[in-house]
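This report refers to the structure that appears directly beneath it.
The values are calculated or read from the model by the stated rules, or taken from the named source; none is laboratory data. Just so it is clear, the model here is predicted, and its values are computed rather than measured. Reconstructed Cβ throughout: ideal geometry from the backbone, glycine too, with neighbour counts over all protein chains shown. These accessible areas exclude ligands, DNA and RNA; they are computed on the full protein's heavy atoms, side chains included. Shrake-Rupley method; radii C 1.70, N 1.55, O 1.52, S 1.80 Å.
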Amino acid sequence: MTTPFLDGERMEYASEVWPGLVLKQGERHLLLQSPSMLEAMGSAVHGGGVTRLRRMTNIYVDRFYDCSDPVRDVIEWLREWRYPIDTTAGLLTAVQLRHASVMEEKNDEAAVFCCVTSGTSNAARAGSERTTFPAYSPGTVNIMLLIDAKLTQAAMVNALMTAVEAKAAALADLNVRDAENGQVATGTTSDAIILGVSQSAACKVEHQYAGTATHLGAMIGRTVYGAVKEGLITAWAEQS
């Protein structure tokens, strides 16, 4: 099952595949809150690496944002919104939050929930010759991916790989191009992803793999691909 989100009116969405999981729209941010603690890993500017989380935030900043100290800024915003610093991840995006998209799916072994904000103004192809910069800039394809299942840490890395492959596939199918060299883009210059896994004791199967040959990997691929594609098409439609 897949479900789109944010029609411009809805301020809160309760997952249909994961009881207690809620996505809320707050002041300049989206809050994804789990009913329990999650094992997590990812590239979030705050709360990245390998950690434990209860919440994930995707925070809007405009294109003139001074990104000299994004960690400090995210922590200050989380305090302002009264979210626990140690268990809340923070990502930054220059994409309008009304263009966020959610896809979710479940089977007998797992539930997958994916929330994406997608923009391609700085689309880029990994491995190609292009201009690079030492400084951080806000993410433009941000993926918050939650899985209600048991996964080994190796499988969690595998899940991240599958998600990134799905993002690249969506960009290719939409013919998104690197602005510098015209080649098919694999992402943007500042994408971010954060994965949270419930490790629920109610799950009987421990997944050791999450690649495209697995049922779990197939769900990850479909939800990420669908959310990235839907988010971009929605944004482009508004601009046209």
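Remarks
- Test: residue in segment 51-65 that is among the aliphatic types (A, V, I, L, M) and open to solvent by 20 Å² or more (accessible area, probe 1.4 Å): no
- Within segment 35-50, restricting attention to residues that are assigned to a strand (DSSP E or B), surrounded by fewer than 23 Cβ atoms within 10 Å (Cβ to Cβ) and in contact (Cβ under 8 Å) with a residue 40 or more places away in the chain, the residue that is nearest to the chain's Cα centre (by Cα) is M41.
- When the residues of segment 1-56 are filtered to those that are hydroxyl-bearing (S, T, Y) and within 20 Å of D191 (Cα to Cα), the one that is modelled with the highest pLDDT is T51.
- Among residues of segment 154-195, those that are assigned to a strand (DSSP E or B) and either over 15 Å from M219 (Cβ atoms) or touching a Cys at 6+ places or on another chain (Cβ under 7 Å) (or both), counted: 7
- The condition of being modelled with pLDDT of 90 or more and open to solvent by 10 Å² or more (accessible area, probe 1.4 Å) holds for only one of V157, V112, that being V157.
- Subset of segment 206-229 (residues that are out of contact with any helix residue (DSSP H, G or I) (no Cβ under 9 Å at 6 or more places or on another chain) and either over 14 Å from E165 (Cβ atoms) or modelled with pLDDT under 95 (or both)): H215
- In segment 57-69, residue modelled with the highest pLDDT [restricted to those that are part of a loop (DSSP other than H, G, I, E, B) and not hydrophobic (A, V, I, L, M, F, W, C)]: D69
- Output for segment 70-112, where each listed residue is assigned to a strand (DSSP E or B) and closer than 29 Å to E206 by Cα: T88, A89, G90, L91, S101, V102, M103, E104, E105, K106, A111, V112
- The residues listed here are S68, S43; of these, the one that is out of contact with any Gly (no Cβ under 8 Å at 6 or more places or on another chain), of a type in the set (G, A, S) and more than 27 Å from Q199 (Cβ to Cβ) is S68.
- Selection within segment 160-186 - open to solvent by less than 50 Å² (accessible area, probe 1.4 Å) and at positive phi: G182
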